[in-house]
Structures are given as structure tokens and as C-alpha cells.
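These notes are about the structure you will find just below.
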Amino acid sequence: MIHVSKLTKYYGDYPAVQDVSFNVPAGQVVGFLGPNGAGKSTTMRILAGYLTATSGTATIAGLDVFWNSVEVRRKIGYMPESCPLYKEMRVNEYLNFRAGIKGIHGSERRRRMHYVIERCWLDNVDHQIIGTLSKGYRQRVGLADALLANPPVLILDEPTAGLDPAQIRSTRTLIRELGQQHTILLSTHILSEVEAACDNVIIIHRGRVAVSCSLDELKGRASSQAQIVMTVGGLADPNVFRQVPGVNHLQIAEGVRGEGYELRITTSDPAEIAPRLSACAAQNEWRLMELRIERPTLEDLFVQITQDEAIPV
Ligand SMILES: Nc1ncnc2c1ncn2[C@@H]1O[C@H](COP(=O)(O)OP(=O)(O)OP(=O)(O)O)[C@@H](O)[C@H]1O
Ligand SMILES: [Mg+2]
């Protein structure tokens, strides 16, 4: 549905986006991640037709975002990271005005306005002047605007930024529900949001795609980096644990307070190896003080990927 090929954007001589290619299949929710300044908003603005690329192409529903920008805008609901709302208008006036621009008329307009005001939790503020709304409520107006024309594709640039924890949770549920009917490209810094709502993940780092894979593949990558952490007390040689079948790597450190050792064991199957390690401890008269499996979280993985040079999955 969204097809991006070798997209590059220079601001002056600064390359904000470099050779970025990815696909968002119809009906999927794709998390678009990356550290501050990675190029997410730049890419999204190009897709939404608000910025032209220096080179490369992007199509939405088969339409080139540059050559067919008017038709593309009819297919998408774009929520920019700071919503350009008319501050002197009331919420309902603004949405009414936006509906007019989007070509929604008559009873359909009433129906859609009622729907988005309800879905985006704006019922209590629909007569309020936008300039007097708090940041989180302005975000909701931006989301309501993106949903107004019921477009097949939603491009949402950090929709939960500025929301309170309860609203973050509600918005996450809303995005998951919207994902049943819409194709969604969603940028966010909240990894639990990605876990809850996304099918696929694209991570960009310094303007380039570092990872593009399914959420399950990314989680698989996290669990493949699991380690067993074992604390043992005793006087024997801790290198004995290297002999346990399945141990790929053993790192030995002194235990806290100088008691025994803390062993970090890398293995492809921690659940299978853990009982072997505890049996080995018993046979060699080690006191087993602790044994736990540590799996990196998505957040750990994200930090790792965006610190390293790009490593494709
Ligand atoms: N209009 C502009 N002129 C010059 N440089 C710009 C402009 N807009 C963005 N940049 C630069 O391009 C890079 C990418 O910015 P972009 O806003 O796309 O990042 P982002 O991934 O959305 O970051 P964030 O997570 O902070 O929103 C940054 O280094 C930014 O400073
Ligand atoms: Mg941004």
C-alpha cells in the first residue's frame, strides 16, 4: 500500500533521509521508530505530500506522492507531529472546516464529525477555542482531523506525544482497532505501543533503514540474545561450567561483596541449559545462590541497534 524506494532528502547539504526503502502492506500497522533526528517526520512529510524528496520515489495505493499529491491526500489521513491547528477556531468549527476541505458534505459530514469527536474523546471540548486546549487535547484534534475522511491509509507522527498515561493507553487501543480497517504507518518512541499495536517494525537511524522486519522477528532477535545469570559460592574453579553442553560463552565476574562468582552464560536455549547448570553446580559442590534468565527488552534492542552502525535483521 505504501511503497518507498531509495528516498533521499537533503536539507541544504545535510542528508536527513538517505536511500530509504520500505513497504507497508495493505491492512498492516507498521511502527516507524528511530532516535530523535533520525528522519521519521521528514519521511512522513514526504509521504503526505508536504515536502518534496531530493531523490527516490514513494507511492501510496499505486499513486506517486509527488506527481499525484492531490489524489494521494484523499487516500491518507496525516497527523503531523505538531498539528497546524487554527487556534482561534472552536474544535467543532475546525473539524467542520477541515471536512469541507476534504470534500465531505451534508449528512456524511455530520456523521463523520460525530464519529471522530466521540472516537478521539473530544465530546467535552467540542465548543472550546483550540488555543485554550491543553497539548494532549490538541493532539486529539489532530488525530480526529486525520480520521475525518475515513481514509484507507493513516500516517500518524507520534500520536501519543503529550498524552497522559490513561490517554496513551486508550489511543493505543484505538490504533489497534483502526488497524483492522486502515493501513497505518505510526511513529512513536513508546516501545510498549509498538508491541501492542504493530505487525511490522521499521527502525531508522541517521536517515537510513537499520531494521525492517516483523515484530515477531524483532522479539525473536531479543530472545536469541538471552543470557543465564548465575551466582555461585564456593572455592572450585568456575571454568567447570564451560564444559556443560550448550554453553556457548561464559563470562566470569566476582560476586557482589566478593562472595563467589557471577557467571553470565550465553546459550541458544536457556530453558534447556539452566537445569544442566544447576546439576553441574551441585556435582561440583558450588552453592547456587541465584539463577535467572535475562532477555533483552525491545527497548534494550532499540538502544543497541541505534548505537551500533546499521545491522540489518
Ligand atoms: N526544515 C529543516 N531544515 C533543516 N534541517 C531539518 C529540517 N527539518 C528537519 N531537519 C533535520 O533533519 C533531521 C531529521 O529530522 P526529523 O524531524 O525527520 O527527525 P525525527 O526522526 O522525526 O526526530 P524526532 O524523533 O525528534 O521527531 C534532523 O537532524 C533535523 O534537525
Ligand atoms: Mg519527528
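The values are calculated or read from the model by the stated rules, or taken from the named source; none is laboratory data. In this text, all values refer to a predicted model and were calculated from it rather than measured experimentally. Virtual Cβ from ideal backbone geometry, glycine too; neighbours counted across all protein chains shown. Side chains included, ligands, DNA and RNA excluded: accessible areas come from the protein's heavy atoms. Shrake-Rupley method; radii C 1.70, N 1.55, O 1.52, S 1.80 Å.
For the pair R111 and F97, the difference between a 0.36 nm per residue extended length and the Cα-Cα distance amounts to 3.6 nm. Against the chain, whose longest principal axis is taken from its Cα atoms, helix 270-283 shows a tilt of about 20°. Among I117, I252, I203, the residue with the largest mean-square fluctuation in a Gaussian network model of the chain, with springs joining Cα atoms closer than 10 Å, is I252. Classify region 13-87 as rounded, prolate or oblate from the Cα gyration tensor: take a ≥ b ≥ c as the square roots of its eigenvalues, call it rounded if a/c is under 1.5, otherwise prolate when a/b beats b/c and oblate if not. Verdict is rounded for region 13-87. Note that region 226-294 presents 57 Å² accessible area per residue, ligands and nucleic acids not counted, probe 1.4 Å. Cross-link reach is defined here as a Cα-Cα straight distance under 12 Å, omitting same-chain residues fewer than 8 places apart; for K135 the aspartates and glutamates meeting it are E81, D164. Seen against the Cα atoms of the chain and their longest principal axis, helix 165-178 is set at about 70 degrees.
For region 1-77 versus region 156-210, the inter-centroid distance based on Cα atoms is 17 Å. Straight-line cross-link partners of K40 among the lysines, defined as a Cα under 16 Å from its Cα and at least 8 positions apart when in the same chain: K6, K9. Accessible surface for region 127-194, divided over its residues, is 36 Å² per residue with a 1.4 Å probe.
Each peptide among 26-35, 47-56, 9-18 gets the average number of other Cβ atoms lying within 10 Å of its residues, and from highest to lowest they stand as 26-35, 47-56, 9-18. Expressed as an acute angle from 0 to 90° and rounded to the nearest 10, what is the orientation of the C-alpha long axis of helix 91-101 relative to the principal long axis of the chain? Helix 91-101 sits roughly 70 degrees off the main axis of the chain.
The GluC sites (Glu not before Pro) found in region 232-271 that occupy coil by DSSP, while having at most 16 further C-beta atoms within 10 Å, are E259.
A straight Cα-to-Cα reach below 19 Å connects K75 with the lysines K102, residues fewer than 8 places away in its own chain not being considered. As a fraction of the 1.4 Å probe accessible area of region 226-294, surface on carbon and sulfur atoms comes out at 47 percent. Computed about its Cα centre, the charge dipole of region 2-216 is approximately 380 debye, with only Lys, Arg, Asp and Glu carrying charge at their Cβ. Taking every DSSP bridge with both residues inside the chain, close to 70 percent are antiparallel. Sequence-ordered 3J(HN,Hα) estimates for region 6-11 from the Karplus curve with 6.51, -1.76 and 1.60 and θ = phi - 60° stand at 6, 6, 9, 9, 9, 9 Hz, glycine and proline given as x. Note on the chain: helix-only mean residue ellipticity at 222 nm, from DSSP H runs of 4+ residues weighted -39500 (n - 2.57) and normalised by residue number, equals -10500 deg cm²/dmol. The chymotrypsin sites (Phe, Trp or Tyr not before Pro) found in region 65-161 that occupy coil by DSSP, while having at most 11 further C-beta atoms within 10 Å, are W67.
How large is the Kirkwood hydrodynamic radius of the chain, counting all unique pairs of alpha carbons, in Å? The answer is 22.2 Å. Sparsely packed loop sites in region 66-134 (the trypsin sites (Lys or Arg not before Pro) outside DSSP H, G, I, E and B with at most 15 other Cβ atoms within 10 Å) comprise K87. The shape of region 118-270 comes out prolate: with a ≥ b ≥ c from the C-alpha gyration tensor, a/c is at least 1.5 and a/b beats b/c. The smallest convex shape that holds all Cα atoms of region 226-294, its convex hull, gives 71 Å³ per residue.
Nonpolar atom fraction for region 2-216, defined as the carbon and sulfur part of the 1.4 Å probe accessible area, stands at 48 percent.
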